[in-house]
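The structure appears right after this line, and notes come after that.
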Amino acid sequence: RKAGWDLADPITIKTALTTIRATLLKRSYENAPVSDLYVFGKKQDLAFQKEVDGNPAKRHHVRFWRIPKDIYLPGGHNVDWVAAATYDDAVGLSRFTLQITHSIDGDVDAERDFVVQTIKRVHRTKQVQKIEGFFPKYSHRNGGGDAFFTDGSMVVVDLKKGLLR
């Protein structure tokens, strides 16, 4: 929150209608809900967003999942949380479901770096480590049909004393 991110409201009929209304009227809805994503079969624990120019059609998202202490990421990395960041660049129809949805900017690495920079501006980070080649470079389409790509790097931001737990 200190970094200017707003906690997203849960998805309900009321919040969905408020989102549609705000988008059509081009009015801000700082706590608009974000769709659920899953890691290790679990829905995100926290979801934040940051509107662009008060327009709910264009917004940054970041979702966080708490990782159990006995779970290690590939390479033996032990972290408290993992996150996924996306940027909604427009509202349109899904190529797969033909439902109204946000289209996602394909450069997920740029969005990852944006999230890290907003955190670094307001938090005293102990360490920021970029792990190149955490997984192979990858490009594909998401569930809405939008193309995306990644360099395969993972960034670890340590906000606690010492290194990773």
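The values are calculated or read from the model by the stated rules, or taken from the named source; none is laboratory data. Since the model is a prediction, treat every value here as computed from it, not as a measurement. Cβ sites come from the backbone with ideal geometry, for glycine too, and all protein chains shown count toward neighbours. Just so you know, the surface numbers come from the protein's heavy atoms only, side chains and all, with ligands and any DNA or RNA stripped out. Shrake-Rupley method; radii C 1.70, N 1.55, O 1.52, S 1.80 Å.
One table, with the values for the structure above:
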| quantity | calculated |
| --- | --- |
| The lone exception for Leu164 - which of (1) more than 23 Å from Ala3 (Cα to Cα); (2) part of a loop (DSSP other than H, G, I, E, B); (3) at pLDDT below 85 it fails | (1) |
| Tally, over region 8-57, of residues that are of a type in the set (Asp, Glu), out of contact with any strand residue (DSSP E or B) (no Cβ under 7 Å at 6 or more places or on another chain) and over 19 Å from Ala90 (Cβ atoms) | 1 |
| Index of the failed condition, Gly75 passing every other in (1) open to solvent by less than 40 Å² (accessible area, probe 1.4 Å); (2) outside any strand (DSSP E or B); (3) not aliphatic (A, V, I, L, M) | (1) |
| Qualifying residue in region 15-38 (condition: among the acidic types (Asp, Glu) and part of a strand (DSSP E or B)) | no |
| Index of the failed condition, Ala83 passing every other in (1) at pLDDT 90 or above; (2) of a type in the set (Gly, Ala, Ser); (3) in contact with a strand residue (DSSP E or B) (Cβ under 6 Å, 6 or more places away or on another chain); (4) more than 21 Å from Phe149 (Cα to Cα) | (4) |
| Residues of region 55-65 that turn out to be open to solvent by 30 Å² or more (accessible area, probe 1.4 Å) and either more than 14 Å from the chain's Cα centre (by Cα) or in contact (Cβ under 8 Å) with a residue 40 or more places away in the chain (or both), as a count | 1 |
| Restricting region 12-39 to residues that are out of contact with any Phe, Trp or Tyr (no Cβ under 7 Å at 6 or more places or on another chain) and under 19 Å from Ala83 (Cβ atoms), the residue that is surrounded by the most Cβ atoms within 10 Å (Cβ to Cβ) | Ala32 |
| Residues of region 140-155 satisfying the condition of being among the charged types (D, E, K, R), open to solvent by 40 Å² or more (accessible area, probe 1.4 Å) and at pLDDT below 90 | Arg141 |
| Residue among Leu37, Leu7 that is out of contact with any Asp or Glu (no Cβ under 8 Å at 6 or more places or on another chain) and modelled with pLDDT of 90 or more | Leu7 |
| Residue that is modelled with the highest pLDDT [pool: residues in region 40-54 that are outside any strand (DSSP E or B) and exposed (fewer than 15 other Cβ atoms within 10 Å of the Cβ)] | Asp45 |
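Condition check ((1) closer than 27 Å to Asp53 by Cα; (2) at pLDDT 90 or above; (3) surrounded by 13 or more Cβ atoms within 10 Å (Cβ to Cβ)) across all residues:
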{"position": "Ile100", "(1), (2), (3)": "yes, no, no"}
{"position": "Ile104", "(1), (2), (3)": "yes, no, yes"}
{"position": "Arg112", "(1), (2), (3)": "yes, yes, yes"}
{"position": "Lys120", "(1), (2), (3)": "yes, no, yes"}
